[in-house]
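A.B. asks: A single structure is presented below for examination.
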Amino acid sequence: MRTTQDAIRHLERISVYLEVKGENPFKINAFRKAASLLEAAELDFMAIEDFTAMKGIGKGTATVLEEFRETGTSTALTELEQQVPEGLIALLKIPGLGGKKLAKLHEVGVIDADSFAEKLADGTVEAMPGFGKKTVEKYSKALETFETRPERLPYGVMRKSVSELERTLAGIDQIIRFEVGGSFRRAEETCKDLDFIISTDHPKEVKAQLLEIEQIDEIIAAGDTKVSIVLKRDDAYIAVDFRLVDDLAFASTLHHFTGSKDHNVRMRQLAKERGESISEYGVETKDGLFQPKTEQELFARYDLPFIPPELRVGRQEFEADLNMLIQEKDIQADVHMHTTWSDGTLSVDELVDACAARGYSWMAITDHSKYMKFVNGLTEERLRKQRVEIEAARKKHPEMTILCGVEMDILPDGSLDYEDDFLKEMDYVIASIHSKFDQTEEEIMQRLENACRNPYVSLIAHPTGRIIGRRDGYAVNIDRLVELAAETGTALEMNANPGRFDLTASSLAKAKAAGVKLMINTDTHRPEMLEDMKLGVLHARKAYLEPSDVINTWTAKEARAFFDRKRLGVK
DNA sequence: GCCGTTTTCGGCCCGACTGTTTTCAGTCG
């Protein structure tokens, strides 16, 4: 059995090898495009009958895919692997080094980082046409930090730098307006760099001030329309691009540098069909240059509604009804939050006040269970005591429904941290895994199955346990978990913490397709984390979730009816 | 490699920056 992900990786690998061979860029792109089509396909890779039925996949790619499905590999890739040394592939990560140059380097004997360092040192590279002194210096420097710097950084890490940079830009007088674009604006899980679009009538002065930003580790480029730097923040190196444009071009440039690349390609195709041409400066029409004042105007020109950044992936956003999607204002509750009773920093009273201030009509207090000793997890006894405080908060906020909940650990042996006799006292129970991440898929799935089959467990929180950029999470089989959730009437979580984003958008889409209900939760431990709800909703939108899919857009009464159906065993 | 009713060949989205050139290729987004 080969998964869709395996097939996608196979195609991407072929495209990378072709790139290093210095092949025709359109050929390289054809494989990438096919990979992206598989990712977006409704059907599983194994279930697709005719690959060529997908527009963008022809005979060549289809042959590769069929062979891969049969044998787990393909002649195309095997042959490429014989021609191109593995070590060469990794060198593509070096900035300023692409397929064409790498192909030339291969001709003179570069096969990996070590041999590249040698050829740089002995003058071979500098003597080659198209390479020079500066290039050699740049590559030598890059090789020093090669593979020690991660290629992409988690959204949560980037967010800090974005706030800092926004404060800096706000302090530069000659800037008319600015906005962050790129993968950050699209709320991707990780970002390769940050893109800021800046409008100004004084690009030279602004450029000079940008180059004065504190803690610049490296200046990559400093032109009149583009300033590109690397910042050092704590241990992280963050690449930042600033685009300086005339204010009339601001909206076009913002759209262009928000991407994604595939989204822009689709937009430009639409323009081309009408004999127009879109660039970052505006739309070239037969009546001259049209510069939209806003992105809305640009979309409207092609009869499109405003497509929010998080949906701009170059696929269904052009056809889907975006009005149906969940919005932040639909959220009525946050139902996974911690207080000072375990490892939160807010008291019950403060947390309830904060949720009331956000306008929620209901919420749940869900501290850790007793197994989590090191975060002061609650015994049955302490949970009963906590109810007294919650009762007081209920009196203070009669407008809100406050559920007495708990985030209960699923123990390594698969048992749950409390007996059913106790659980039935609780209004609401979350189950989650915080231990023994190295178990086999069978063991992990047995733990999750036990939790799903418990009548009092309403939600599985952060179902994969991953921490983006730090750990992959445990060996969960998402398809099986979705089946279990559907069968038992258990909800799954979209954990909105940007370090987690767990489940991912693609898993959320699977859950929705199976009729599983979801909850978007902040897992708040500190007051500012309540704000992450916004991010959670953006991620839910990437999966095209609608309010009916997400329990915390419902009223407390509707939610409790859902929990009760499982508790009482009603189908 | 993919595509196509003005095309089975010749296009494929567009522009900036750098470093190497002596008018442009390569890379990047």
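A.B. asks: Can you tell me which residue is farthest from DNA strand B (Cβ to nearest atom) among those in region A:211-237 that are of a type in the set (Val, Ile, Thr) and either at pLDDT 90 or above or surrounded by 13 or more Cβ atoms within 10 Å (Cβ to Cβ) (or both)?
C.D. replies: So, considering only residues that are of a type in the set (Val, Ile, Thr) and either at pLDDT 90 or above or surrounded by 13 or more Cβ atoms within 10 Å (Cβ to Cβ) (or both), the one farthest from DNA strand B (Cβ to nearest atom) is A:ILE213.
A.B. asks: Can you tell me which condition A:ASP6 does not meet? The list is (1) closer than 30 Å to A:GLU107 by Cα; (2) away from DNA strand B (no atom under 11 Å from the Cβ), and all the others hold.
C.D. replies: It is condition (1) that A:ASP6 fails.
A.B. asks: Also, I was wondering about something else. Taking A:HIS263, is it more than 10 Å from DNA strand B (Cβ to nearest atom), within 22 Å of the chain's Cα centre (by Cα), surrounded by 20 or more Cβ atoms within 10 Å (Cβ to Cβ) and outside any strand (DSSP E or B)?
C.D. replies: yes
A.B. asks: List the pairs whose first member sits in region A:97-121 and is not assigned by TED's automatic domain parsing to the domain that holds A:LYS27 and assigned to a helix (DSSP H, G or I), whose second member is more than 14 Å from DNA strand B (Cβ to nearest atom) and open to solvent by 20 Å² or more (accessible area, probe 1.4 Å), and whose Cβ atoms are under 7 Å apart, counting only residues at least 6 apart or on separate chains?
C.D. replies: No pair meets every condition.
To keep it simple, each residue is scored yes or no on (1) aliphatic (A, V, I, L, M); (2) modelled with pLDDT of 95 or more; (3) crowded, with 17+ Cβ neighbours inside 10 Å.
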{"position": "A:VAL457", "(1), (2), (3)": "yes, yes, yes"}
{"position": "A:GLY469", "(1), (2), (3)": "no, no, no"}
{"position": "A:LEU484", "(1), (2), (3)": "yes, yes, yes"}
{"position": "A:ASN495", "(1), (2), (3)": "no, yes, yes"}
{"position": "A:MET529", "(1), (2), (3)": "yes, yes, yes"}
{"position": "A:LYS534", "(1), (2), (3)": "no, yes, no"}
{"position": "A:LEU538", "(1), (2), (3)": "yes, yes, yes"}
{"position": "A:ASP549", "(1), (2), (3)": "no, yes, yes"}
{"position": "A:THR553", "(1), (2), (3)": "no, yes, yes"}
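A.B. asks: Name the single residue that is nearest to A:PRO95 (Cα to Cα) among those in region A:197-210 being of a type outside the set (S, T, N, Q) and either away from DNA strand B (no atom under 11 Å from the Cβ) or open to solvent by 60 Å² or more (accessible area, probe 1.4 Å) (or both).
C.D. replies: So, considering only residues that are of a type outside the set (S, T, N, Q) and either away from DNA strand B (no atom under 11 Å from the Cβ) or open to solvent by 60 Å² or more (accessible area, probe 1.4 Å) (or both), the one nearest to A:PRO95 (Cα to Cα) is A:LEU210.
A.B. asks: Residues that are within 19 Å of the chain's Cα centre (by Cα) and assigned by TED's automatic domain parsing to the domain that holds A:PRO412, at least 3 per element: which helices (runs of 4 or more DSSP H) completely within region A:427-532 meet that?
C.D. replies: Fully inside region A:427-532 and qualifying: A:505-513.
A.B. asks: The conditions are (1) farther than 28 Å from A:ARG149 by Cα; (2) in a helix (DSSP H, G or I); (3) within 13 Å of DNA strand B (Cβ to nearest atom); (4) not acidic (Asp, Glu), and A:MET46 fails exactly one of them. Which is it?
C.D. replies: Looking at each condition in turn, A:MET46 falls short on (3).
A.B. asks: If only one of A:LEU270, A:LEU244 is outside any helix (DSSP H, G or I) and either among the basic types (Lys, Arg) or within 14 Å of DNA strand B (Cβ to nearest atom) (or both), which one is it?
C.D. replies: A:LEU244
A.B. asks: Here's another thing I want to ask about it. Any residue in region A:166-190 that's within 18 Å of A:GLU214 (Cα to Cα): show its pairings with residues that are of a type in the set (S, T, N, Q) and open to solvent by less than 20 Å² (accessible area, probe 1.4 Å) at Cβ separation under 9 Å, as long as the two are six or more apart or on different chains.
C.D. replies: Close Cβ pairs (under 9 Å, with a partner that is of a type in the set (S, T, N, Q) and open to solvent by less than 20 Å² (accessible area, probe 1.4 Å)) amount to A:ILE172/A:THR200.
A.B. asks: Right, next: Quick check on region A:330-359: of everything there that is assigned to a helix (DSSP H, G or I) and touching a His at 6+ places or on another chain (Cβ under 9 Å), which residue is most open to solvent (accessible area, probe 1.4 Å)?
C.D. replies: Top of the filtered list is A:ASP353.
A.B. asks: Among (1) small (Gly, Ala, Ser); (2) open to solvent by less than 30 Å² (accessible area, probe 1.4 Å); (3) not in a helix (DSSP H, G or I), where does A:ALA62 come up short?
C.D. replies: (3)
The values are calculated or read from the model by the stated rules, or taken from the named source; none is laboratory data. Small disclaimer: the values here were computed from a predicted structure and weren't measured. Neighbour counts are summed over all protein chains in view; Cβ atoms, including those assigned to glycine, are modelled from backbone coordinates with ideal geometry. The protein model used for the area step is the full one, side chains on, heavy atoms only, and it has no ligands, DNA or RNA in it. Shrake-Rupley method; radii C 1.70, N 1.55, O 1.52, S 1.80 Å.
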